[in-house]
Amino acid sequence: MNSALLVNIFRFIMLLAIQIVIFNNMNFLGYISPFPYILYIILYPVNSNKAGLIISSFFLGLIMDMFCNSGGIHATACVVLAYYRPYIFKFSFGLSYEYQTIKLNESLTPERFSFILVSVLIHHIVLFVLEAFQFKFIWDILLRTLFSSIFTIITSIIIIYLIKPNKR
Amino acid sequence: MQQIFNFLIRNSNRLLFLLLLGISLGLTIQSHSYHRSKIISSANFLSGGVYEKINRINEYLNLQAENDELVLENARLKSLLFNKEDTSKLPLPDTIKGVKPADIIVSKVIHNAYSTHENFLTLNSGSNEGVKPDMGVINSLGIVGIIDDTSPRYSTVVSILNMKSRINAKLKKSNHFGSLTWDGKSTGFVQLRDVPRLASVRKGDTIVTGGQSVIFPEGINIGTVETIYQERETSFYVIKVKLFNDMTNLGHVYIIKSKDREELINLENKEKNE
């Protein structure tokens, strides 16, 4: 129990640090930057405290907002993703996910990939809708969501494999 | 009573979610109005300090470009010094230098954002050095933005690449003015709106800051005219302006302390009160 908590705190700080120092400065093609810090929410243990996840996601987003000067858009997107995470689990792994031991950071099955895909899409749509805040930018929002999602998914999968190399 | 408690316990996660969602949405909506929330900004101790550390590393990588720019500015200043304008031509009274006295604070950009619709910069000087909100920020090439918020050691700047920023600007050769805005698309171009159709504008004309704003002194470079088109609803000109500045690559900047500003604001308040 205690070690799981420590791992989570470590992940929280490390992912934020990597996001702020490296990925916030990528700006590929001027506006596409990946947000792999949401891996914290994706990799949070399946059956542990849900209230803890929601509160820590809120602060994860709030710290990101502080660094991006963006009001509360990251906080909103993170809280939404954290709250709907059980439903995404149900969607990707089937109804009985709570009785299985799901380990996301092992080999990449279609279920795991679909879970990451849906999570990233939900987070990014909320994020970019709130960022533009105007209906006339609808194409801009969709374009940014699409490209940023692709980049986030690629970097997330790379980070997952870098953290946990396959045991032989 | 017990049912209320049961309800609260059963739905505790949902209530927590709604509470936090409300708070963060509130912050978001506040940040979209011009007078934004001053709590979540990068001028605080934590993020300002981190950005300063990161910037120290990045600076080494950009030393070459910064040096080139300084050499160019030196050359320009020297050419000004050696080729002084002849004084036989009488200038217009309101363009004499010194009518708008402006003190200058030298500062450094430690964080620069340009990928969203509302972009902010962070500078490493704050209220300790005398920086106050609504001061103008320029560099050797042209204008950069307006100070938004300050802490003792850091300050944030509303970049001209921010859809909320509105700066008074005019054509250099005539005095037709408009307001400078950004459409959120390209980092190299901004839009000058509400220019009357009487103005004769050609591609390549220079756009400078206008005298109506108390934030910037008159005549600071902004950019050149790229394309001109007419707005259908208002039949004013909209001019696409190519910026002199590369907003994606900013180093040292100057903050303009306008002495007239307080006097003007005091005067205007006095008139309102009477």
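Only the coordinates and a few stated rules stand behind these numbers; no lab work does. None of the values given here were measured: they were computed from a predicted structure. Neighbour counts run over all protein chains shown; Cβ positions are idealised from the backbone, glycine included.
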What's the lysine pair count for the range B:108-240 at a Cα cut-off below 15 Å, pairs eight or more apart or interchain?
7
Can you tell me which aspartates and glutamates have their Cα less than 19 Å from the Cα of residue B:270? Leave out same-chain residues fewer than eight positions away.
B:260, B:262
Please give the contour-minus-distance gain from residue B:200 to residue B:273: 0.36 nm per residue of separation, less the Cα-Cα distance, rounded to one decimal in nm.
22.2 nm
Per-residue Cβ contact counts at 10 Å, fewest first, order B:202, A:85 as B:202, A:85
Tabulate in residue order the Karplus-calculated ³J(HN,Hα) for the range B:202-209, using 6.51 cos²θ - 1.76 cosθ + 1.60 with θ = phi - 60°, rounded to whole Hz; enter x for Gly and Pro.
10, 4, x, 5, 8, 10, 10, 5
Taking amide H positions as placed 1.01 Å from N in the peptide plane, with prolines and chain starts having none, which residues 5 or more places from residue B:110, or on another chain, fall under 5 Å of its amide H?
B:122, B:123, B:124
What whole-number distance in Å separates the alpha-carbon centres of the range B:8-26 and the range A:117-159?
24
Over what distance in Å are the Cα centres of the range B:135-172 and the range A:38-67 separated?
35
Any idea what the relative contact order of the range A:2-163 is, in percent, if you count C-alpha pairs under 8 Å spaced at least 6 apart?
24
Using θ = phi - 60° and the Karplus relation 6.51 cos²θ - 1.76 cosθ + 1.60, list the HN-Hα couplings for the range B:164-173 in order, rounded to whole Hz, with x at every Gly or Pro.
8, 6, 9, 10, 6, 9, 9, 6, 5, 7
Amide H of residue B:148 versus every other amide H placed in the peptide plane: which residues, excluding those fewer than 5 positions away on the same chain, fall under 5 Å?
B:134, B:156, B:157, B:158
So what J values fall out for the range B:150-155 if you push phi through Karplus, 6.51 cos²θ - 1.76 cosθ + 1.60 with θ = phi - 60°, rounded to Hz, Gly and Pro as x?
10, 10, x, 10, 10, 8
Quote the Stokes-Einstein diffusion coefficient, in whole µm² s⁻¹, for chain A, based on the Kirkwood radius over alpha carbon pairs, a temperature of 20 °C and a viscosity of 1.002 mPa s.
131
What per residue convex hull volume, in Å³, comes out for the protein assembly as shown when only alpha-carbon positions are used?
216
Taking Rh as the Kirkwood radius computed over alpha-carbon pairs of the range B:167-243 and applying Stokes-Einstein at 25 °C with viscosity 0.890 mPa s, one gets a diffusion coefficient in µm² s⁻¹ of 201
Can you list residues from other chains, or at least 5 along the same chain, whose modelled amide H is less than 5 Å from the amide H of residue B:241?
B:190, B:191, B:192, B:226
